[in-house]
Every structure is written in C-alpha cells, then in structure tokens.
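K.L.:
Pasting a structure below so you can have a look.
Derivation of every value follows stated rules applied to the coordinates shown; laboratory data play no part. This structure is a prediction, so every number in the text was calculated from the model and none was measured. Here the Cβ positions follow ideal geometry from the backbone for every residue, glycine too, while neighbour counts run over all protein chains shown.
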Amino acid sequence: MRFASPFAFLALLLIPVLLFFRLRKGHPRTLKFSAIELLRPAGISWRQHLLSLPLILRILALILLVTAFARPQQGIEKVHDISHGIAIEMVIDRSSSMGQEMVMGNLRANRLEVVKKVFAEFVSGNGNQLAGRPNDLIGLVSFARYPETVCPLTLAHEAVSGFMANIQLVSNRDEDGTSIGDGIALAAARLQKADEAVARENRDDDEANGDGTAKQYEIKSKIIIVLTDGVHNAGDLTPLEAAQLAAQWGIKIYTIGIGEDTEAEGARGFFALLTQAGRGVDKKTLQEIAQTSGGIFRMASDADSLRSIYEEIDRLEKSEIESVRHIDYAEHFPLFVMTALALLMAEMLLGTTLLRKIP
C-alpha cells in the first residue's frame with residue numbers, strides 16, 4: 001500500500017482545531033434546580049451515554065475523507081521476461097560418405113551418428129564443455145542431393161531430438177550427392193522468415209495470458225552451422241551464391257568439415273585428386289562460405305574436436321534473458337469515500353432520531 005498524495009494528510013491537523021470550536025460552540029444548556037439531589041435517582045440513560053457518538057462518527061468520516069484525498073494505492077508487481085535468443089539452423093550432410101567411421105570416445109561410429117550425438121549435447125548440454133542452448137530457436141535441415149527441412153525453428157528442444165533421430169544416411173543411389181549450396185539456401189530462407197513467426201507467437205501468448213505479462217522472445221542474431229564431409233556436387237545454387245544470399249539477410253554461417261584433413265597446406269597429387277573427386281572435405285569452399293558471411297571454418301576429425309568447435313561457437317554466440325519489471329497500481333480511494341459518506345449518513349440519522357436534541 002502506498003499513498004500517491006501523502007501531503008493530503010496535513011489536513012488532519014485541522015481536525016483538532018475544528019473539534020475545539022465545535023465543543024466550545026456546543027456548550028450544553030443548563031437548567032436551574034433547587035436541589036440536584038432530586039435528579040440523582042433517575043440515573044444516566046443509554047441515550048446520554050451515546051451523545052458523543054455523532055461527533056465521533058463525523059471525526060472518523062473526516063479522517064477517511066483525508067485518507068481518500070491522499071489516494072491510497074495497492075501495487076501489483078509484474079515481471080515481463082524477454083529472451084534475447086539466437087535462431088540456429090543446423091545443416092547436416094547425410095550423403096553416403098557420412099557412413100564412414102569416426103572416433104567417439106573409446107568407440108567408433110559412422111560420422112552421421114557422431115554428428116547427431118554431439119549436436120544433441122550442443123543443444124541440451126553435457127554438464128562439461130557444453131552448457132546447452134535453452135534460449136535459442138533450433139531448426140534442422142539435412143541434405144544429400146536434395147535438401148529438406150527436418151525440424152522447423154522451435155524452442156521445444158525435446159522435439160528437436162526426436163526429429164534428429166529421423167535423419168538417416170541416404171539409401172537411394174539416385175538421391176545421393178552433396179548439395180551444400182541448396183542446403184544453406186533452404187536454411188537461410190527459414191531464418192529469414194523467423195522474425196514473422198516469432199512475432200505471431202508473441203501476440204498469441206499475450207492474448208492467451210490476458211494481462212500482457214507473457215514471456216516474449218526476440219531474435220538477437222541468426223546463424224547457420226553447416227556440417228559436411230564432402231564437396232558440393234549437386235543442386236541449383238553454388239555454396240558461395242547461397243552464402244552471399246545469407247549474408248544479405250544478416251545470417252552468419254559456421255562451416256565444419258567432418259573427417260581427416262587430407263588437404264593439409266602444401267599437399268598435392270593423390271590427396272588433391274581425392275578432394276576434387278568429392279571424397280574429401282572441400283576446405284577452400286567451406287572457408288570462403290564462412291568468410292563471406294562473417295563466420296568461421298573448422299575441421300573436426302573426431303567427437304572431441306567437434307565438441308571443441310561447438311564450445312567455440314558457444315563463446316561467440318551468447319543468448320540472454322532480460323527481466324523488465326513494472327508495477328501496476330490500483331486506486332482504493334473510493335472505498336474510503338464510500339465509508340466516510342456512510343458514517344456521515346449515520347451521524348445525520350442518529351441526530352434526527354434517537355439522539356435528537358431539543359433546543
């Protein structure tokens with residue numbers, strides 16, 4: 001409880017003054033009797049005991065009216081949480097080459113399974129290197145010869161894990177290939193529309209909540225993480241064309257090459273031919289994609305190095321929650337005014353009936 005106009009209480013100082021003049025003016029009339037001993041047996045009636053009640057009611061009414069002028073208010077604090085998250089599209093290669101083995105701890109698994117396992121740790125955290133991305137929108141795009149949206153951008157990360165399990169190595173030879181450009185373009189298009197989707201969800205949350213305190217979400221930045229072990233050899237757009245499109249939309253691309261680094265600086269001959277044939281990582285193209293959009297390029301030869309890359313992305317791309325607090329005040333002066341009027345009416349009623357005085 002607070003008072004918006006506390007200086008109004010200074011008016012209470014006038015009440016003793018008014019009371020003084022009221023008592024002085026209302027000095028009781030007297031009658032002369034030869035002996036007051038004759039009146040003592042009559043005693044004091046209940047009306048005489050209540051003679052001061054109207055004055056008390058008037059004083060209380062004045063106190064309540066002054067309190068009403070001070071505007072008593074009850075404050076209700078409301079917390080408006082705004083999550084400043086990052087919209088992340090994971091673009092994962094599922095071509096047949098991702099079936100090659102890769103080290104994961106003391107075990108070996110195919111590259112796609114390792115990518116899926118470490119990605120789940122990146123999203124949900126592993127209690128060690130990776131803290132998770134609870135405030136970020138996560139979406140999934142996979143590609144071989146053709147790209148497809150596996151999971152739309154969502155904050156429901158439990159659902160993302162289920163969609164991730166559906167990503168499998170390409171089984172149809174006609175669908176095999178590596179369309180890095182089209183995969184990036186599809187992810188960029190999803191991110192470009194993300195603001196509209198978030199705005200609709202925020203409006204729906206406000207309407208459902210009814211008081212405007214629903215948790216709001218704002219996209220701080222947009223990034224694409226591309227994971228591939230091959231060379232672009234399919235699709236309509238080249239990787240650089242797709243990267244330039246993403247850059248125009250303010251989307252940053254992080255590229256990760258999966259597998260052994262067979263194109264070390266100065267390497268020529270056989271390993272270079274393997275790369276050109278699409279059996280190795282096209283480091284040059286992945287580097288150019290990252291540079292064009294403002295991201296970084298890294299190579300991952302096993303699960304541990306892949307976790308380290310995600311840890312680096314964690315440091316570069318941080319999300320946050322902002323709590324905006326405000327207080328809504330409800331006015332309570334009508335209650336005091338109505339009570340004061342009721343007391344004044346009671347005073348008038350008593351003064352004209354039970355406690356009426358004869359002049």
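K.L.:
With a point put 7 Å past each Cα toward its Cβ, work out how far Ala199 is from Gln244 in nm, to one decimal.
P.N.:
Rounded to a tenth, the inter-label distance reads 2.9 nm.
K.L.:
Right, another one. Just order 237-244, 136-143, 150-157 by mean Cβ neighbour count inside 10 Å, highest at the front, would you?
P.N.:
Top of the packing list down: 136-143, 237-244, 150-157.
K.L.:
Each label point is 7 Å from the Cα along the Cα-to-Cβ direction; what then is the distance between the points at Met345 and Glu175, in nm?
P.N.:
8.0
K.L.:
Right, next: Please give the contour-minus-distance gain from Met338 to Ala11: 0.36 nm per residue of separation, less the Cα-Cα distance, rounded to one decimal in nm.
P.N.:
115.8 nm
K.L.:
Working out 0.36 nm times the residue gap between Ala4 and Glu218, then minus their Cα-Cα distance, what length gain in nm do you get to one decimal?
P.N.:
Details: separation 214, 0.36 × 214 = 77.04 nm, distance 3.52 nm.
This chain segment gains 73.5 nm when fully extended.
K.L.:
Separate question: In nm, give the distance between the simple-model label positions of Asn135 and Ala165, each being 7 Å from the Cα along the Cα-to-Cβ direction.
P.N.:
In this crude label model, Asn135 to Ala165 measures out at 3.0 nm.
K.L.:
Run the numbers for Gln287 and Glu331: contour at 0.36 nm per residue of separation, minus the present Cα-Cα distance, in nm.
P.N.:
9.5 nm is the gain from fully extending Gln287 to Glu331.
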